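K.L.:
Here it is, the structure, as structure tokens.
The values are calculated or read from the model by the stated rules, or taken from the named source; none is laboratory data. Predicted model, so just to flag it, every value in this text is computed and none were measured. All Cβ positions, glycine included, derive from the backbone under ideal geometry; neighbour counts span all protein chains shown.
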Amino acid sequence: MIGRTSRFAFPLLLALALLAAPEARAASRKRPAAPKPKAAAVLPKLVDLGADRCIPCKRMAPILVAMRKDYEGIVDVRFVDVWKDPAPGRAYGIRVIPTQIFFDREGRERFRHEGFFGREDIERVFRDSLGVTPVPPGAGVAPPPAAK
């Protein structure tokens with residue numbers, strides 16, 4: 001009786017494994033979710049994942065440097081070189097560089113873009129997705145007026 005049961009059990013288990021395999025392959029192709037911050041973000045954040053030697057990344061570098069200064073205290077602007085440190089690229093599931101990821105104050109991803117992204121485009125995302133009023137280039141954060 002045991003020999004007869006095992007003859008049917010093996011083909012049945014094999015059939016079940018083959019049926020489940022396409023679902024497992026589809027699940028492995030999904031882009032991993034961006035890592036969640038441990039604490040709520042104080043400021044909205046722009047993370048640019050690129051490399052210091054990639055041509056579009058080089059074009060974006062001065063834009064990001066200026067925006068980091070102009071939006072200081074308003075938006076946290078960061079650059080991550082994924083050729084020097086590939087772990088964040090894997091964690092965010094990027095496919096190409098540069099990739100810009102915009103996070104709201106709670107740390108939720110609100111928008112993602114791949115490729116070169118100009119200042120005007122970034123500011124449009126700041127305004128439309130993050131609720132941040134654009135700052136004129138070179139303005140920086142004005143100090144509060146002195147008390148009289």
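K.L.:
Quick one: how many residues across the stretch 109-130 are loosely packed, with under 14 Cβ neighbours inside 10 Å and without any contact (Cβ under 8 Å) to a residue 24 or more places away in the chain?
P.N.:
Count: 4.
K.L.:
Considering the stretch 97-108 alone, what residues qualify as being crowded, with 16+ Cβ neighbours inside 10 Å and without any contact (Cβ under 8 Å) to a residue 60 or more places away in the chain?
P.N.:
Across the stretch 97-108, the qualifying residues are Ile97, Pro98, Thr99, Gln100, Phe102.
K.L.:
Further, regarding this structure: Go through the stretch 48-92 and count every residue that is outside any helix (DSSP H, G or I), closer than 25 Å to Thr133 by Cβ and touching a helix residue (DSSP H, G or I) at 6+ places or on another chain (Cβ under 9 Å).
P.N.:
Of the residues in the stretch 48-92, 8 are outside any helix (DSSP H, G or I), closer than 25 Å to Thr133 by Cβ and touching a helix residue (DSSP H, G or I) at 6+ places or on another chain (Cβ under 9 Å).
K.L.:
Mind checking which residues of the stretch 37-47 are at pLDDT 55 or above and part of a loop (DSSP other than H, G, I, E, B)?
P.N.:
Across the stretch 37-47, the qualifying residues are Val42, Leu43, Pro44.
K.L.:
Any idea which of (1) surrounded by 11 or more Cβ atoms within 10 Å (Cβ to Cβ); (2) assigned to a helix (DSSP H, G or I) is the one Ala139 doesn't satisfy?
P.N.:
Ala139 satisfies every listed condition except (2).
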